[in-house]
Amino acid sequence: MDNTVKNKQFNLFEKFTQLCVTIMQKYLPDAFLFAAILTFIVFIAATIMTKQSPFQIAMHWGNGVWSLLAFSMQMVMVLVTGHTLATAPFFKKILDKLSNLPKSPIQAIIYVTFVSGVACILNWG
């Protein structure tokens, strides 16, 4: 395949991708909206199904949120330390060297699969 055909295909794909991104940005609601709607649906369903007052349901929700604080802070630490390590100059050099090892798309797929598997075994976060 010559370069002009490749460029036309790439431009067509790029235009299609940009169209999809534009549509999603314009019409897909924010994730917070989904969370708020689902919260109200669960609140109403819990009030009906458990025959408890809305105040009692709100108290259960409030108590439940704070019980997740320790776990959520652990997840924040996993994300922050992972990002810090990945962007540290020493590890960045290692990652750059490792990323240059595969020379073909097939090698890259196998390599990423292997490295991801080892990384998941070492750190599930």
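Would you check if there is a residue in segment 74-81 being within 30 Å of Asn123 (Cβ to Cβ) and among the polar types (S, T, N, Q)? Spell out how you get there, then give the answer.
Step one: filter segment 74-81 for residues within 30 Å of Asn123 (Cβ to Cβ), giving 74-81.
Subsequent filtering for residues that are among the polar types (S, T, N, Q) retains 74, 81.
There is at least one residue in segment 74-81 that is within 30 Å of Asn123 (Cβ to Cβ) and among the polar types (S, T, N, Q).
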Notebook entry, point to check: Hey, among the residues in segment 83-118 that are within 24 Å of the chain's Cα centre (by Cα) and charged (D, E, K, R), which one's surrounded by the most Cβ atoms within 10 Å (Cβ to Cβ)?
Noted result: Lys92
Next item on the list: Output the number of the condition that Ser67 fails; it satisfies all remaining conditions of (1) at pLDDT 90 or above; (2) of a type in the set (S, T, N, Q); (3) within 30 Å of Asn123 (Cβ to Cβ).
Entry: (1)
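The values are calculated or read from the model by the stated rules, or taken from the named source; none is laboratory data. Keep in mind that what you see is a predicted model, and the values were worked out from it rather than measured. Using ideal geometry, Cβ is built from the backbone for each residue, glycine included, and neighbour counts are taken over all protein chains shown.
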